[in-house]
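Student: Supplied in structure tokens, the structure appears directly below.
The values are calculated or read from the model by the stated rules, or taken from the named source; none is laboratory data. Here the structure is a predicted model, which means the values were calculated and not measured. All Cβ positions, even for glycine, are placed from backbone atoms using ideal geometry, and neighbour counts span all protein chains on display. Heads up: the accessible areas ignore ligands, DNA and RNA and are worked out on the full protein's heavy atoms, side chains in. Shrake-Rupley method; radii C 1.70, N 1.55, O 1.52, S 1.80 Å.
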Amino acid sequence: MCGIIGFTGVIPAKDVIINGLEQLEYRGYDSAGVALLSDGDIILRKRTGKVAELKKLCEAEDMPATCGIGHTRWATHGGVTDTNAHPHRCGKVVLIHNGIIENYRELIVEYGLQDTIVSETDSEVVAALIDKFYEDDPYKAIKQVVKLLSGAFALCIMFQDIPGKIFAIRNVSPMVATSCEKGSVIASDLTALIAFSKEYFVVPEYHILTLSKDGIDVTDLKGKEVKPNILTVNWDITSAQKGGYPFFMLKEIYEQPDAIRNTVVPRISEGLPDFSEDGVDDAVFENCTNVMVVACGTAMHAGMVGKQLIERKLRIPVNVEIASEFRYKDPIIDEHTLTIVLSQSGETIDTLEALKLAKSKGSKVLSIVNVKGSTIARESDYVLYTHAGPEIAVASTKAYTVQVSAMYLITCKLGLVKNILSKKEAKEFITKLMNTPNVIEETLKNANNIKRIANHIKLAPDAFYIGRGLDYVMSLEAALKLKEISYVHAEAYAAGELKHGTIALITENVPVIALATQEDVYAKVISNIREVKARGAYVVLISMDEEVHDDKICDKHIRIPKLDAEFTAFATAVILQLIAYYTSEAKGLDVDKPRNLAKSVTVE
Ligand code: AGP
């Protein structure tokens, strides 16, 4: 996905846009560009590379224009080139786009744009169409074109002969907007808006916004004026800054204790889970006989932790599905299924479409989302917002642990409502959940010990994470973290399954990180460790053992605090995040912005 921003006001737009793009860069950073509208002329600067490159390109120029748009791109259609960078200009029209226009090729043919289009992008086709339909009425041109588009879009549009104004319209792809004494701002998300105001609104779909220095008009496609619903940001600008940490990811790892406290504590009354403030009534849990969990990536891994807990504790069946698979498998769910959707951004398109499919089959959808007012939150029957604050690093950390904590709350509530857990059992469980921030703080004290492991892993072409039960689920998240930010190929394997083939890959010095926190299978994992150790693996053991004296078991031991088996996830998660973080840092990589990735995948 991409980051878009528009500003029109009483101060120069260039710096506002560049600063906004720096805040939005985690959304995509293949290329960046800015277009400024001044005195009937459009100044357009764009290039491949990060926003810093664009900043260099613009800093020498005097650009007094007070109206402009900017874009930071994660390439979907067309390679990473200057030509494919946004903004795109056609005739009098210049625009930026986040999303995917699925029928752009057909539109090129249908409207004879072959000789007009110079890039490989779908976005330029939109600019060409608006220019083609534009005579003197921007609303008419915009309406005519969006009716032709199939797919997701968030568009900011300027017309060369309409000074000081930015027009915007969206379908699915996110946009938020605000205005203040300096002018009007629109952007992909709040990180670029909060410098202007804590009040904002989510741009309603298929409504045309007209931004001017005096404010923002919102009209539906019939031209009827609409008053948007004003929301207030529940975090401050420092939350979206590094605060002295070298990378956002490390800051966000250390923010986890407070993130969990902020998510859990407001939902506890008299020692029991209470979702009344969230508008989630007990009936949601009373009526379900089975649970479906749908998400992507790390969010899915958090759902898998929830599956482990719900099935072991409550004996209620839980399926976990990858959203992009769920959408096309005609899932077996109905009105007795509670579908739990997890998403940090609340904008992941596969997860959103999976949510809609679940609802169409009669299932109630409860979503666990970190971004207030996001599309997934708005489309769900019920929402449990996590309160991790903005997560800027592409690699999800605090959003993951707060998603897990939300799954723990749901498990406890489900058990209570179904009379599977007594109030006493539930209170004991909640007491342990309320202690998990302290567990994480205790584990973080071991960071330097963990850092030393990275030096061994960073040189390895492959690494393996193994475990059983909850530890296997944690291994899946560990492998993803290591891959996505250090580019070391990592694989998670059920410890008992390794000998059925994959152990063939275990040779001298291959790093194997073995999780053995589950007492009921501890001895089994230790014997699996001996199997890989016997083949020369470099083994890091993560367990609750006070000491490990047998060097035939591991080369390095990371100890976690003594915990009930079902709560070890909160300690192992931090260790696995730090292993990935320190490995990436040791390799001199941009930990926050790994290659090819973007923070939220709003394309399919
Ligand atoms: C996590 O480290 C990844 N960046 C990615 O797997 C992410 O969790 C996934 O894209 C889902 O995003 P969401 O939570 O915003 O829906």
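Student: If you scan the range 379-392, which residues turn out to be open to solvent by less than 10 Å² (accessible area, probe 1.4 Å) and either more than 13 Å from the ligand (Cβ to nearest atom) or among the β-branched types (Val, Ile, Thr) (or both)?
Tutor: Selection gives Leu384, Thr386.
Student: Test Gly362 against the criterion of being within 15 Å of the ligand (Cβ to nearest atom), surrounded by fewer than 24 Cβ atoms within 10 Å (Cβ to Cβ) and not in a helix (DSSP H, G or I), and give yes or no.
Tutor: Spelling it out, it is not the case that Gly362 is within 15 Å of the ligand (Cβ to nearest atom), surrounded by fewer than 24 Cβ atoms within 10 Å (Cβ to Cβ) and not in a helix (DSSP H, G or I).
Student: Might you let me know whether the range 82-92 holds any residue that is on the phi > 0 side of the Ramachandran plot and modelled with pLDDT of 95 or more?
Tutor: yes
Student: If you don't mind, another one. Take the range 456-476 and flag every residue that is small (Gly, Ala, Ser) and either closer than 21 Å to Gly297 by Cβ or open to solvent by less than 20 Å² (accessible area, probe 1.4 Å) (or both).
Tutor: Ala460, Ala463, Gly467, Ser475
Student: Let me ask something additional. Identify, from the list Val109, Val125, the residue that is modelled with pLDDT of 95 or more, assigned to a helix (DSSP H, G or I), surrounded by fewer than 17 Cβ atoms within 10 Å (Cβ to Cβ) and of a type in the set (Val, Ile, Thr).
Tutor: Of the residues listed, the single one that is modelled with pLDDT of 95 or more, assigned to a helix (DSSP H, G or I), surrounded by fewer than 17 Cβ atoms within 10 Å (Cβ to Cβ) and of a type in the set (Val, Ile, Thr) is Val109.
Student: Moving to a separate point now. Determine if the range 438-446 includes at least one residue that is open to solvent by 10 Å² or more (accessible area, probe 1.4 Å), in contact with a Phe, Trp or Tyr (Cβ under 8 Å, 6 or more places away or on another chain), within 15 Å of the ligand (Cβ to nearest atom) and of a type outside the set (Ser, Thr, Tyr).
Tutor: Checked against the condition, which is being open to solvent by 10 Å² or more (accessible area, probe 1.4 Å), in contact with a Phe, Trp or Tyr (Cβ under 8 Å, 6 or more places away or on another chain), within 15 Å of the ligand (Cβ to nearest atom) and of a type outside the set (Ser, Thr, Tyr), the range 438-446 yields no hits at all.
Student: What number goes with the only condition from (1) over 23 Å from the mean Cα position of the chain (by Cα); (2) buried (at least 16 other Cβ atoms within 10 Å of the Cβ); (3) touching a residue at least 40 places away in the same chain (Cβ under 8 Å) that Leu36 does not pass?
Tutor: (3)
Every residue, every condition in (1) in contact with an Asp or Glu (Cβ under 7 Å, 6 or more places away or on another chain); (2) away from the ligand (no atom under 16 Å from the Cβ); (3) over 28 Å from Ser324 (Cα atoms), yes or no:
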site	(1), (2), (3)
Phe247	yes, no, yes
Ala259	no, no, yes
Ser269	no, yes, yes
Ser276	no, yes, yes
Val280	no, yes, no
Ala295	no, no, no
Leu309	yes, yes, no
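Student: Could you please give the count of residues in the range 543-554 that are of a type outside the set (Lys, Arg), touching a helix residue (DSSP H, G or I) at 6+ places or on another chain (Cβ under 8 Å) and open to solvent by 40 Å² or more (accessible area, probe 1.4 Å)?
Tutor: Total meeting the criteria: 0.
Student: Now for a different question. Which members of the range 313-351 meet the condition of being in a helix (DSSP H, G or I), within 16 Å of the ligand (Cβ to nearest atom) and open to solvent by less than 80 Å² (accessible area, probe 1.4 Å)?
Tutor: Once the filter is applied, which keeps residues that are in a helix (DSSP H, G or I), within 16 Å of the ligand (Cβ to nearest atom) and open to solvent by less than 80 Å² (accessible area, probe 1.4 Å), the range 313-351 yields Ala323, Ser324, Phe326, Ile349, Asp350, Thr351.
Student: What number of residues within the range 264-299 are more than 29 Å from Gly362 (Cβ to Cβ) and open to solvent by less than 40 Å² (accessible area, probe 1.4 Å)?
Tutor: Total meeting the criteria: 4.
Student: Please go through the range 96-106 and give me each residue that is among the polar types (S, T, N, Q) and buried (at least 24 other Cβ atoms within 10 Å of the Cβ), ordered by number.
Tutor: Correct list: Asn98 only.
Student: If you check every pair at least six apart or on different chains, which have Cβ atoms under 6 Å apart with a residue in the range 419-444 that is more than 15 Å from Pro257 (Cα to Cα) first and a residue that is of a type in the set (Gly, Ala, Ser) and surrounded by fewer than 16 Cβ atoms within 10 Å (Cβ to Cβ) second?
Tutor: The qualifying pairs are Lys427/Gly271; Ile430/Gly271.
Student: Return yes or no: is Val93 under 28 Å from Lys213 (Cα atoms), open to solvent by less than 20 Å² (accessible area, probe 1.4 Å) and in contact with a Leu (Cβ under 8 Å, 6 or more places away or on another chain)?
Tutor: For Val93, the condition - under 28 Å from Lys213 (Cα atoms), open to solvent by less than 20 Å² (accessible area, probe 1.4 Å) and in contact with a Leu (Cβ under 8 Å, 6 or more places away or on another chain) - is not met.
Student: Sticking with this structure for a sec: If only one of Ala395, Ala406, Ala479 is closer than 27 Å to Leu357 by Cα, open to solvent by less than 10 Å² (accessible area, probe 1.4 Å), within 16 Å of the ligand (Cβ to nearest atom) and at pLDDT 95 or above, which one is it?
Tutor: After ruling out the rest, the residue left standing is Ala406.
Student: Now a separate question. Checking Lys372 against (1) out of contact with any Gly (no Cβ under 7 Å at 6 or more places or on another chain); (2) away from the ligand (no atom under 14 Å from the Cβ); (3) in a loop (DSSP other than H, G, I, E, B), which single condition isn't satisfied?
Tutor: (2)
Student: Can you tell me which residues in the range 404-431 are of a type in the set (D, E, K, R) and touching a helix residue (DSSP H, G or I) at 6+ places or on another chain (Cβ under 8 Å)?
Tutor: Answer for the range 404-431, where residues must be of a type in the set (D, E, K, R) and touching a helix residue (DSSP H, G or I) at 6+ places or on another chain (Cβ under 8 Å): Lys413, Lys418, Lys423, Glu425.
Student: Please find, among Ala299, Ala354, the residue that is within 12 Å of the ligand (Cβ to nearest atom), farther than 25 Å from Ile392 by Cβ and part of a helix (DSSP H, G or I).
Tutor: On inspection, the qualifying residue turns out to be Ala354.
Residue by residue, here is whether (1) assigned to a loop (DSSP other than H, G, I, E, B); (2) open to solvent by 50 Å² or more (accessible area, probe 1.4 Å); (3) at pLDDT 95 or above holds:
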{"site": "Pro561", "(1), (2), (3)": "yes, no, no"}
{"site": "Phe570", "(1), (2), (3)": "no, no, yes"}
{"site": "Val574", "(1), (2), (3)": "no, no, yes"}
{"site": "Ala580", "(1), (2), (3)": "no, no, yes"}
{"site": "Thr583", "(1), (2), (3)": "no, no, yes"}
{"site": "Pro594", "(1), (2), (3)": "yes, no, no"}
{"site": "Ser600", "(1), (2), (3)": "yes, no, no"}
{"site": "Glu604", "(1), (2), (3)": "yes, yes, no"}
